[in-house]
1. Picking from B:89, B:66, B:76, which residue would you name as being out of contact with any strand residue (DSSP E or B) (no Cβ under 7 Å at 6 or more places or on another chain), farther than 22 Å from residue B:202 by Cβ and touching a residue at least 60 places away in the same chain (Cβ under 8 Å)?
2. Before we move on, is residue B:64 crowded, with 21+ Cβ neighbours inside 10 Å and at the interface with chain A (Cβ under 9 Å from one of its Cβ atoms)?
3. Looking at A:25, A:97, A:88, which is the one that is under 24 Å from residue B:96 (Cβ atoms), more than 10 Å from chain B (Cβ to nearest Cβ), within 16 Å of the chain's Cα centre (by Cα) and surrounded by fewer than 21 Cβ atoms within 10 Å (Cβ to Cβ)?
4. Hey, any hits in segment B:188-204 for a residue that's at pLDDT 95 or above and away from chain A (no Cβ under 13 Å)?
5. Somewhere in segment A:108-117, is a residue touching a strand residue (DSSP E or B) at 6+ places or on another chain (Cβ under 8 Å), part of a loop (DSSP other than H, G, I, E, B), farther than 24 Å from residue A:30 by Cα and more than 7 Å from chain B (Cβ to nearest Cβ)?
6. Could you tell me which of the residues B:95, B:111 is farther than 20 Å from residue A:3 by Cβ, at pLDDT below 95 and under 14 Å from the mean Cα position of the chain (by Cα)?
7. Taking segment B:131-144 as the region of interest, how many residues are within 14 Å of chain A (Cβ to nearest Cβ) and touching a strand residue (DSSP E or B) at 6+ places or on another chain (Cβ under 8 Å)?
8. Looking at segment A:58-68, which of its residues are more than 9 Å from chain B (Cβ to nearest Cβ) and within 16 Å of the chain's Cα centre (by Cα)?
């Protein structure tokens, strides 16, 4: 075997029994007083919904602490029951959903502060590797305006694709894989 | 420190990964993003990662031949290997999830319409945690090739899907493990979407006589190298 990273391959269409056998879309108990619901539809370049995708999220808790040993900020509390990880398939309407809490601010590079956000991975047939994006919050206008990652995106329309929409009920975060309204995606 | 950061940033991108659009794989045409990707600076948001990777697994989850009342048909195999980070260090206590077709090339999935038999003794899903040396091990049966309608007479080479978390959000990987010498490699756009032949080799397991158990099962070795290194050495902050 040659050295070097193992390449990515598509998740394909047949992952459900292995990866979605348990419901991981609710990161908190349904009666959590601070719970928020986030829903979204995934669209392809023809505007058709994508019914065979898997979405994973990773986030800090309300205090802004990640439940991971690399987050060394012990002064911030961890919530015992909150892992910060969620997984949801898309249904026949191309829709995924999560029940979670809004994360706190987390540090950026060189002393900066990032606006509250959720890391997102999208896997699907036809995606040779995952797509990485972020969900930001519509009620954080000031923090979003100075967020060091959002600020990297000069195209205002593209930047707006990362901010969930408040429609009165669940927050809405649609993901457009391709086309005019394409969502902003990241690489490392 | 600044120099080290630069080095890490340069080393993190897996240039061997396929770009999203590979027209021969038809499903990429309407799903591959066309706008340039934005390079994400390293922060705690991605140098941390889900503890789901350390979640408990059931006793029979790593043996796909013992999940039902009888044994599945097919060639019994052992698949094992190391999960390493970009520096060659073992990734310990980390979740490995797999799924695959049965020996006839059929998935237990309602959308799989290939007219090959289902096996009542085979579900094709497994999981395990890597041990203290970063090693995983599954017992299963060798999956069959199957047709997939991407183009005329399109057949996928036999493969097992692998899902790995590694230490951080950055290291998340879903890939496929292939078997050595498969004549379908050159006809498969998913395999060929990895342009560099050396990189493609990293998706092919090797037959391993040491893993093979006499009178019982053939052994295949498949090591997996995840991108990047553990961003913040944990020891520094304990």
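1. Being out of contact with any strand residue (DSSP E or B) (no Cβ under 7 Å at 6 or more places or on another chain), farther than 22 Å from residue B:202 by Cβ and touching a residue at least 60 places away in the same chain (Cβ under 8 Å) holds for just one of B:89, B:66, B:76, which is B:66.
2. No; evaluated as a whole, the condition is false for this residue.
3. Among A:25, A:97, A:88, only A:25 is under 24 Å from residue B:96 (Cβ atoms), more than 10 Å from chain B (Cβ to nearest Cβ), within 16 Å of the chain's Cα centre (by Cα) and surrounded by fewer than 21 Cβ atoms within 10 Å (Cβ to Cβ).
4. No.
5. Yes, there is a match, as at least one residue in segment A:108-117 is touching a strand residue (DSSP E or B) at 6+ places or on another chain (Cβ under 8 Å), part of a loop (DSSP other than H, G, I, E, B), farther than 24 Å from residue A:30 by Cα and more than 7 Å from chain B (Cβ to nearest Cβ).
6. One residue alone meets the criteria, B:95.
7. Residues flagged as within 14 Å of chain A (Cβ to nearest Cβ) and touching a strand residue (DSSP E or B) at 6+ places or on another chain (Cβ under 8 Å) within segment B:131-144 amount to 5.
8. A:61, A:62, A:64
The values are calculated or read from the model by the stated rules, or taken from the named source; none is laboratory data. All values derive from a computational prediction rather than experimental measurement. All Cβ positions, glycine included, derive from the backbone under ideal geometry; neighbour counts span all protein chains shown.
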